[in-house]
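In what follows, a structure is listed as structure tokens, so that the remarks can point back to it.
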Amino acid sequence: MNLHGKNIKIFAGNSNRPLAEEIAAKIGLPLGAASVGRFSDGETAVTINEVVRGSDVFLIQSTCMPVNDNLIELLLLVDACRRASAGRITAVMPYFGYARQDRKAAARDPISAKVVANLITVAGADRILTMDLHAPQLQGFFDIPVDHLVGQRILAQYFLDRFSDQMEDIVVVSPDIGSVARCRKFAEKLDVPLAIIDKRRPKANVSEIMNIIGDVRDRRVILVDDLIDTGGTIVNAANALAEIGALEVHACCTHAVLSGPALDRIRHSAIRELVTLNTIPMPAERALPQIRVLSVADVFAEAIERIYGELSISTIFTQQ
């Protein structure tokens, strides 16, 4: 595969090596030789161990936990490739950390998402490839092109296959008002009704269910969100739905952050099944019986091939 005179190189940091290896395998390439580790004082050490001069370089790195370590790895990988005269550098970020800090919530708060966008751009990235930003308008925080993939097609297809003969019993539920647009699109893909949970959040990472708009009694419900962090919103929603008579409660999200008490909350919740994507790794020791992980490797591999081949990437969006 060499469509424009440049060769393609794919490298990865330590954040999600299994996904990076899967993406590279689907493209038919090995991961590039790079050392990403630590000096004895804890500083990040990065070395690119092969020639990248003039190459079209793709760096696969989610900025998930440990967020700051993974972010620094990405910045140094970008800088190393730029200083080695790479032809073009695309930061492939299946999960973009700091995306929730996209505005000033209080008088003297930072807009962290913008700071991170600036860092990646200044480090030398020419393009960003990511999936399901917490707010799509974050694309405007970058002064370089952003290809924004969505994971809904993968999740929706899973439920279409799983409930192929039971779709008349399904209701998609938005866990909060802010997720209504996302959930409406998901419900349209499944051709099922939409319900909405109206809640208020008294403080960060604490949510309180207030009201459920729509009929969920004796129905199989699917809660849809872009990410699950501490699990408070999704678990409170699931328990409230079960209490008012939902037959089964399923949930899905693109990014399973699952920090703090999330796993314990999910384990003891009314959620029968949580379906997520592998934009963030799910180590075996953190896996729960009710969590199912689907791969995004096919979507990212196709996007990388199209970017490399200077082909339109919009066909991926129309498929989704």
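Laid out as a table, the results:
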quantity: Counting DSSP beta bridges with both ends in the chain, the antiparallel % (nearest 5); calculated: 25
quantity: The chain, relative contact order in percent, only Cα pairs under 8 angstrom and at least six apart counted; calculated: 14
quantity: Angle in degrees between helix 67-83 and the longest Cα principal axis of the chain, rounded to the nearest 10; calculated: 30
quantity: DSSP bridge orientation in segment 163-320 - percent antiparallel, rounded to nearest 5; calculated: 20
quantity: P(r), alpha carbons of segment 3-93 - 5 Å bins starting at zero, rounded %; calculated: 3, 15, 26, 26, 18, 8, 2, 1, 0
quantity: Virtual spin-label span in nm between Thr47 and Leu263, 7 Å along Cα→Cβ; calculated: 3.4
quantity: Under 5 Å, built H, 5+ apart or other chain: amide partners of Arg219; calculated: Leu247, Glu248
quantity: Intensity falloff of segment 214-277 expressed as log10 I(q)/I(0), Debye formula with alpha-carbon point scatterers, at q = 0.16, 0.23, 0.25, 0.27 Å⁻¹; calculated: -0.45, -0.88, -1.02, -1.15
quantity: Size of electric dipole in the chain: Cβ of Lys, Arg +1 and of Asp, Glu -1, about Cα centre, debye, nearest 20; calculated: 580
quantity: Largest-first ellipsoid semi-axes for segment 79-118, taking √(5λ) over the Cα gyration tensor eigenvalues, angstrom; calculated: 29, 12, 6
quantity: Accessible area per residue, Å², the chain with all protein chains present, probe 1.4 Å; calculated: 44
quantity: Probe 1.4 Å - accessible area at Lys104, Å² to nearest ten; calculated: 120
quantity: Alpha carbon centroid spacing (whole Å) that separates segment 75-99 from segment 216-266; calculated: 34
quantity: Gyration tensor (alpha-carbon) shape descriptor, segment 80-239, a/c threshold 1.5; calculated: oblate
quantity: R0 of 41 Å, Cβ-Cβ distance Arg17-Ala106: FRET efficiency to nearest 0.05; calculated: 0.65
quantity: Whole-angstrom gap from segment 21-74 to segment 267-296, using each part's C-alpha centre; calculated: 25
quantity: Å³ per residue enclosed by the Cα convex hull of the chain; calculated: 142
quantity: Rounded to 10°, Cα long-axis angle of helix 152-162 versus longest principal axis of the chain; calculated: 50
quantity: Using θ = phi - 60° and Karplus 6.51 cos²θ - 1.76 cosθ + 1.60, couplings along segment 279-284 (whole Hz; Gly, Pro as x); calculated: 5, 10, x, 10, x, 4
quantity: Whole-number percent relative contact order across segment 165-303, with pairs defined as alpha carbons under 8 Å at least 6 apart; calculated: 18
quantity: Local electrostatic count at Tyr98 - Lys and Arg +1, Asp and Glu -1, tallied over other residues with Cβ under 13 Å; calculated: 0
quantity: Cα-Cα pairs of segment 47-168 separated by more than 21 Å (percent); calculated: 46
quantity: Alpha carbon Rg of segment 246-299, scaled by the compact-globule rule 2.2 N^0.38 Å; calculated: 1.13
quantity: Lys pairs, the chain - Cα-Cα below 21 angstrom, 8 or more residues apart or on other chains; calculated: 5
quantity: Protein accessible area in segment 16-104, 1.4 Å probe - carbon and sulfur %; calculated: 50
quantity: Listed residues Ser179, Ser259 arranged by accessible area, highest first, probe 1.4 Å; calculated: Ser259, Ser179
quantity: Average projection area in nm² (convex hull over Cα atoms of segment 169-296, one quarter of hull surface); calculated: 7.3
quantity: Tyr308, Tyr98, Tyr158, reordered so the largest accessible area comes first (probe 1.4 Å); calculated: Tyr98, Tyr158, Tyr308
quantity: Crossing angle, helix 112-123 versus the chain [Cα axis fit, 0-90 degrees, rounded to tens]; calculated: 20
quantity: Heavy-atom SASA rank of His134, His148 (probe 1.4 Å, accessible area, largest first); calculated: His134, His148
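The values are calculated or read from the model by the stated rules, or taken from the named source; none is laboratory data. The shown structure was predicted, so the numbers you read here are calculated from the model rather than taken from an experiment. With ideal geometry, Cβ positions are generated from the backbone for all residues, glycine too; neighbour counts draw on all protein chains shown. Surface areas here come from the heavy atoms of the whole protein model, side chains and all, with no ligands, DNA or RNA. Shrake-Rupley method; radii C 1.70, N 1.55, O 1.52, S 1.80 Å.
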